[in-house]
1. In nm, give the distance between the simple-model label positions of residue A:29 and residue C:384, each being 7 Å from the Cα along the Cα-to-Cβ direction.
2. Would you grab the residues whose amide H sits under 5 Å from the one on residue C:232? Only those 5+ places off in sequence or on another chain, please, with H modelled 1.01 Å from N.
3. Using only Cα atoms, locate the centre of segment C:538-562 and the centre of segment C:212-274, then give the distance between them in Å, rounded to an integer.
4. Using alpha-carbon positions, what is the distance between the centroids of segment C:488-507 and segment C:96-126, in Å?
5. Counting other C-beta atoms within 10 Å, and keeping those with at most 16, which DSSP coil trypsin sites (Lys or Arg not before Pro) do you find in segment C:146-218?
6. Test of the criteria: in segment C:243-339, which chymotrypsin sites (Phe, Trp or Tyr not before Pro) are in a DSSP loop and have at most 13 other Cβ atoms within 10 angstrom of their Cβ?
7. Pop the C-beta distance of residue C:468 and residue C:180 into the FRET formula with R0 = 30 Å and round what comes out to the nearest 0.05.
8. For chain A, set up a GNM with springs between Cα atoms under 10 Å and report which of A:25, A:111, A:146 has the largest fluctuation.
Amino acid sequence: MSPTTVVFYLLAAFTVASAFGVAVSTHIVYSAFALMGTLLGVAALYVFLGADFLGAIQLLVYVGGILVLSLFAIMLTHRIADVHVSNRAVGRVPAAVVALLVFVGLVRVASRAAWVVWDRQALVPTTAAIGHAFLGRWLLPFEVASLVLLVALIGAVVLSRKEVRP
Amino acid sequence: MDGVGVQSWVILSAILFVLGLFCVLTRRNALGILMGIELVLNAASLNVVALAHYASLGRDGQLFAIFVIMLAAAEAAIGLAIVLGIYQSFETIDVDATDRLRG
Amino acid sequence: MNPHLVATPAAWVALVPLLPLSGAIVLGLGGAWLQHRVGPRAVSAIACGTVAAAFLLALRALATLIGLPPDDRLLVATLWPWLEVGGLAVDVALGVDPLSAVMILVVTGVGGLIHGYAIGYMHGERGLWRFFAFLNLFTFAMLILVMAENLLLLFLGWEGVGFCSWALIGFWYREPANAVAGNKAFIVNRIGDLGFVLGLVLLFWTFADAGVPTLAFRLMEPRADVLQGAQLWGMPVATLATVLLFLGATGKSAQIPLYVWLPDAMAGPTPVSALIHAATMVTAGVYMIARLHWLFALAPFTLHLIAAVGLATAFLAATLALVETDIKKVLAYSTVSQLGYMMLAMGVGAWGAGIFHLVTHAFFKAGLFLAAGSVMHALGGEQDMRRMGGLWAALPHTAVTCLVATLAIVGTPCFAGFFSKDAILWAAFSSRYGHPLLWAGGTVVAGLTAFYMVRQFVLVFLGTSRSDADARQHLHESPAVMTVPLWILAVGAVVAGYLGVPPVLGESLGVPHVLEGWFAPLFGGHAAPAGAGESHGAHAELELGLMIASVTVAAGGALLAWLMYGARRIAPERVSDALAGLPYRVLRHRYWVDEVYAAVFVRGTVSLARVLTWVDTQVIDRLVDGAATVVRGAAVLGRSIDDWLVDPAVNAVADATWAVGRAARHVQTGAVTSYLYGVLLGMLGGVLLWWSWAAAR
């Protein structure tokens, strides 16, 4: 067991545990913070895979943006003080069955697939390469994604306006 | 990585995916469901980045993940705006309560 | 007729009928106003003025004709084209030739006198304007009839006089019996008119088929050869058409079998009886035959029929007059009888003699009727001769004029009737269509005529008065406006005869047969009675002998009447009781002719109507209802199909849709979680499918 393997398993365990917390917790804020843990773990794993830029983006956008936004939403939609069980779960057994089935299926695929592993390259900073890609070959998707964000922005504003009641 | 095979990454992604799926299917809190969706997305992105890494296509997998993050952001914004709207109409975000479209 | 006749256009002759027409229009539209605002004199003046003016124009026409060469005596006024239908082109064309000149003089002359008489007779009548309007209208129609240059226009006048007759018979319409009499006249005439129309159509049809599509007399007569050999259903067209036309004449001229209306027509005012039912309308049939003599000459069978019917009618009517007690009814039957004489003349081809008798008859019959009216006027409306008598002294003018007319009708030598009746009797004997038996029958009728006319005169004017005291108190002679026409007619009843002095009498005196020469261009070529122009030889002796014989018979009849009613040597009751009173009773019941007609024709028609009504309601209506029921049944069937097949089918579709919807709506749980499950399962299903597909490859 090499140190990288250990690091991997540690990071993986942390991420899975956090994800478990998201799935099981009955308090919404606890779930939110567990999600934060999961996202941090995934960011670390990205870096582990040599995607440094991606990890940074994960932290910035997911944790700093989306998660904070979710927390805002939680605050705005709950009377936190009186709610004990704010994130109940129903129908766990059928969901568990389905989930298990899906898991089994995925694992089988993973184990049976004839993975072709190529020579690993050295880990290099990826920011420049991604930057070039975004403004080169993947310019159009990049711009379209920007447009989507713009539309989402406007849409979110429109949707969350308070209705004017006559 | 010595010792960490592709399958490990795939299994890891599968675990995260399934947990996210469980979350989506069982949660009654709308925000809980959204969190489950985030888990799913993350699992999928992790899977792609890992496979790209092992296929020496690292940059392409990361690009995919970046796009996913962008779209997840947009989706989260809209979704949370909808949740706010539901809260305004129903005074609750329990999805069992929002069955007005029941046929 | 002269085939190359040159007609002289003379539009002014159209005024002859149009003047009375304008009088009728003025009086019809404004007569009531005139009578009330201006007075009855205005009405009378207009009515008589128009007819008098027409008479003057008729005189002028006569003078003009005399001035023309004998072969070209025709004045024509073509007013406008009337019809152009199919091949038939008919103009409104009026003409004056020797025949129609005589007729219009009679109509306007005698008619004018009667108009004047009516001023006095109808004095005080509230509907005077209506009376004179119809009288003028009648004059117009009669003039159209006699002046028409084609058969269709003649028929127009024919119908017109029929209508005016109806209107005038029923003039005092408030009395239902008068209206009924008017209806009877019209309906019986109608039956005759049917024959007339059929004859007219047949005639036109035959002529048109031969390429001469016309009804104008001047165009038909030269082409009479068209009828040679023309047949319809095996019968010669000429015979068939003339028989049909004669049927019309029997209606209008009151011959057997359509004479029954004339006695009833006496319900009208006496001037009407005089004008229409003595002098003019009833003579229309005779005129029509004279006008179409060339056609009748082609049908000897019809001529024999006409002669027989005429003589039979003359005899029948004369017998009926023997026992009549109503003063006007006697004259009515007398008219029928004299018309029979005229028909007899026509039947033996003596067209001129028939017209001659028509003219003389107009004078003395009108005179007799007006005299009767004068008597009725004097007695306050009394018509029953059993309540008259001894009026000679009180009504001198009436009595003398009536005596003259009676002598004329009886056939007293030197009076008009003698000459005209003798002409007919001689023609009946000697014409190639004639027969001695016809002469004998006519002579017998002359005897009967003499009897009943003298009977009437004696009963009315002679002997002691049988009227009641009140009537005797009010006896007065009629005013001048009534007696002057009587005198004029009386003079005519003498003088008119001298238009037709037979050569056998006249040649020695240098008196020509005026009428024969006058009519020669018209009638000369056709069946002139044989021997009419001779004055000496065996024919002349025979003629004189027959003349004397008929005068003797007439004198015998007159003498018998005098003995029975005047000198009271023979009691009338003994005669009427003869042979168990049977002949008397038959005559009093008028041979039950009216009763037979009513039973057979009237009831028969009503029964037929009942039968047809039954057929209509029971058979035809049932069929129609049956058809309706079938349709209703079809409608019910359709509705059942609709209710049981179509509607359930449609409803089933709707129900199925609804059921599917009700089942499917459960998918819409409204719960987000179930939707998510749905998405997931669908996705998994898709993945499995793809796997199996990929594995199979």
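1. 14.4
2. Distant-sequence amide H within range of residue C:232: C:237.
3. 33
4. If you average the Cα positions of each part, the centres end up 21 Å apart.
5. Numbers: sites: C:174, C:184, C:190, C:218; in loops: C:174.
In loop regions of segment C:146-218 (DSSP not H, G, I, E or B), the sparsely surrounded trypsin sites (Lys or Arg not before Pro) are C:174.
6. Values: sites: C:246, C:259, C:261, C:287, C:294, C:296, C:301, C:315, C:333; in loops: C:259.
Answer by residue number: there is no such site.
7. Numbers: r = 29 Å, r/R0 = 0.97.
Efficiency, rounded to the nearest 0.05: 0.55.
8. Residue with maximal mean-square fluctuation among A:25, A:111, A:146: A:111.
Each value in this text was obtained by applying a stated rule to the coordinates, not by laboratory testing. Nothing here was measured: the structure is a model prediction, and the numbers come from that model. Using ideal geometry, Cβ is built from the backbone for each residue, glycine included, and neighbour counts are taken over all protein chains shown.
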